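Each value in this text was obtained by applying a stated rule to the coordinates, not by laboratory testing. Because the structure is predicted, anything quoted here is derived from the model rather than measured. No Cβ is skipped: glycine too gets one built from the backbone with ideal geometry, and neighbour counts run over all protein chains shown.
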Amino acid sequence: MNHHVNAISSRLSLRPPQRESLERLHRVMEIAHPEQGRDRTAVLEVIKGEFPAVTDQDFSL
């Protein structure tokens, strides 16, 4: 696993569900590469392939 995930998990003493959430976030960021400005729809489909529970929700603040 990524050394950042390990460092954060160790430093914060994350419980297993919290660590799993952090690992999932890391994986989503690997897929999305937000700094590259990739097509949102295509990225969402790849993410849904790995995490079927993901939905497309746009929240307005």
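Starting from residues that are among the acidic types (D, E) and over 13 Å from the mean Cα position of the chain (by Cα), keep the ones in the range 40-57 and report whichever is farthest from R27 (Cα to Cα). Step through it out loud before you land on a result.
Of all residues in the range 40-57, those among the acidic types (D, E) come to 45, 50, 56.
Checking the rest, the ones that are also over 13 Å from the mean Cα position of the chain (by Cα) come to 45, 56.
Details: E45: 14, D56: 17 Å.
Result: D56.
Counting the residues of the range 21-43 that are in contact with a Leu (Cβ under 9 Å, 6 or more places away or on another chain) and charged (D, E, K, R) gives 0. Checking each residue in the range 14-57 for being under 18 Å from H4 (Cβ atoms) and touching a residue at least 12 places away in the same chain (Cβ under 8 Å) picks out R19, L22, E23, R24, H26, R27, V28, I31, A32. Residues in the range 7-28 that are under 21 Å from E45 (Cβ atoms) and of a type in the set (K, R): R24, R27.
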